[in-house]
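To start, the structure under review is shown below, and the notes come after it.
Coordinate-derived values only; no laboratory data. Because the structure is predicted, anything quoted here is derived from the model rather than measured. Here the Cβ positions follow ideal geometry from the backbone for every residue, glycine too, while neighbour counts run over all protein chains shown.
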Amino acid sequence: MRKVLVLADDLTGALEAGVLLEGASVALHSAPEGAAVVIDTESRHLPPEQARRRVSAWIEQIPAELIYKKTDSTLRGNIGAELAALPPGRIHYAPAYPRLGRTVRGGRLYVNGEPVEHTAFARDPLSPVTEGGIRNVLARQGAPLERIVIHEGATDEDLEGAADACAGEPAPRLAAGPAGLLAVLARRLRLDRRRAPVPRADCCLVINGSAHPASRAQMGAAAEAGVFAGGWRAGAIQDVDADAAALIVFGGETARAVLRRCGDPLLFPFAEPLPGVVASWMDTIPRRLFVTKAGGFGPPELLVCLHRLLA
C-alpha cells in the first residue's frame, strides 16, 4: 500500500503537490512505483459526475494510507463532486493556503484579504468563481457535507491543527485542500522533499496560456526588463518542437497541452525556485527542464526573478 495518493484536477496543481513529496512522480495515465504518487486526473472542467467517476477509479486502483484530494486554491473545479468520490470516512478539508495569500474565515475564502468572488477569479473564462462561501460551493456540487470538516485558517499554525485532526483518523486518512495542508502532512509522514538546486537554463521557451491579469502582467514586466532579448523567448504551444532545453509554462491547461505535444512523459518535480513555481524533469531523451505555475498566481516581477535565478 502506498503511503500517499494525491489526486489533482489539473497539471499545475499536481506538480505543486508532487514537489512536496520526496520520491514522488507525477503521472498522467498510469500509476508509477513509489511510496507517494501524484495523478493528474484532468477533471477540473469535466461534468461533475464524470469527474467523480474518474477520481473514484484512481482510488480503486491505488490503495494508500493517506488519500489527498488536491483542490484549487480559489475554489475552481468540481471540488464537491470529487470529495464525494473519496471512500467512507471523515474528510478534513483545509481550503486555506496562507503562504500564497489564501485564507479562510467565517467559512469564506479570501485571496490576499479580498473575497475570492470579488477578484479576477470571478471572471475566469472556464471556471468563474462567483461564490466564496465554501459550504455553499460544496453543497451545490453534491459534496457529502455530513462527513466533511472545513478547517478555517490564516496561518501555517492553523494548518498544523488541521493536520492534527487528520492524523487522529483511522486509515485510510482523507484530506483535501491546496498544497498547504499537504506540506504539513508530508513532514508528519517524513516524506517532505529535500531541497535541490535548480540548474541553469540559458535557453528557454516561455509559454503563457493564461488569460489571468497576473500572468499578463508577468509577461509584460519580463519584456520591459529585456528577459526575451537573449536565449529566452516567448512563444506558443506549436513552438515546443524547437530545441529549447527548458520550458516555462503558465496555466494548467496550457501545461497539459505542452505535455501532450511531448508524448505525455512522466514528470519528476524536484524544486520550487519561487513560491508557487515548480521545476520538474521530463522523462524524455534528452530530458527537459519543465517549469510551471498556475495562471492566476504571482507578482508582476515573478518571471523577471525567475530569469535571474535560472539564466
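Suppose every K and R has +1 on its Cβ and every D and E has -1 on its Cβ; what is the size of the dipole of the stretch 150-226 about the Cα centre, in Debye to the nearest 20?
480
Summing +1 for each Lys or Arg and -1 for each Asp or Glu, what net charge is found among the other residues whose Cβ lies under 15 Å from the Cβ of residue 84?
Numbers: positive: 52, 53, 54, 69, 90, 135, 140, 147; negative: 9, 49, 60, 82, 146.
So the surrounding residues net to +3.
Find the percent of Cα-Cα distances in the stretch 2-188 that exceed 22 Å, and round it to a whole number.
39
Just the number, please: percent antiparallel of the DSSP beta bridges in the chain, rounded to the nearest 5.
35
Treat every Asp and Glu Cβ in the chain as -1 and every Lys and Arg Cβ as +1, leave all other atoms uncharged, and give the resulting dipole magnitude about the Cα centre to the nearest 20 debye. Don't skip to the answer; put the middle values down first.
Values: 35 positive and 35 negative charges, 42 e Å.
So the magnitude is around 200 debye.
In debye to the nearest 20, how big a dipole does the stretch 204-310 give about its Cα centre with +1 on each Lys and Arg Cβ and -1 on each Asp and Glu Cβ?
Value, rounded to 20: 40 debye.
Pulled fully out, how much extra length does the chain show between residue 123 and residue 187, if you take 0.36 nm times their separation in residues and subtract their Cα-Cα distance?
19.5 nm
What order do you get for 263-271, 169-177 when each peptide is scored by the mean count of other beta carbon atoms within 10 Å, highest first? Let's see the in-between values first.
Values: 263-271: 18.3, 169-177: 20.1.
So the order, starting with the most tightly packed, is 169-177, 263-271.
Could you give me the radius of gyration and the Dmax of the stretch 261-311, taking only the C-alpha atoms into account and expressing both in angstrom?
Spelled out, the Cα radius of gyration and Dmax of the stretch 261-311 are 12.0, 34 Å.
Considering the dipole of the chain built from charges on the beta carbon (Lys and Arg +1, Asp and Glu -1) around the Cα centre, which of 28, 250, 134 is farthest to its positive end?
Checking the options against the dipole of the chain, the answer is 28.
Give the order of 56, 25, 30, 215 when sorted by the count of other beta carbons within 10 angstrom, beginning with the fewest.
30, 56, 25, 215
In deg cm²/dmol and to the nearest 500, what is the mean residue ellipticity at 222 nm of the chain if only DSSP H runs of at least 4 residues count, each as -39500 (n - 2.57), divided by the residue total?
-8000 deg cm²/dmol
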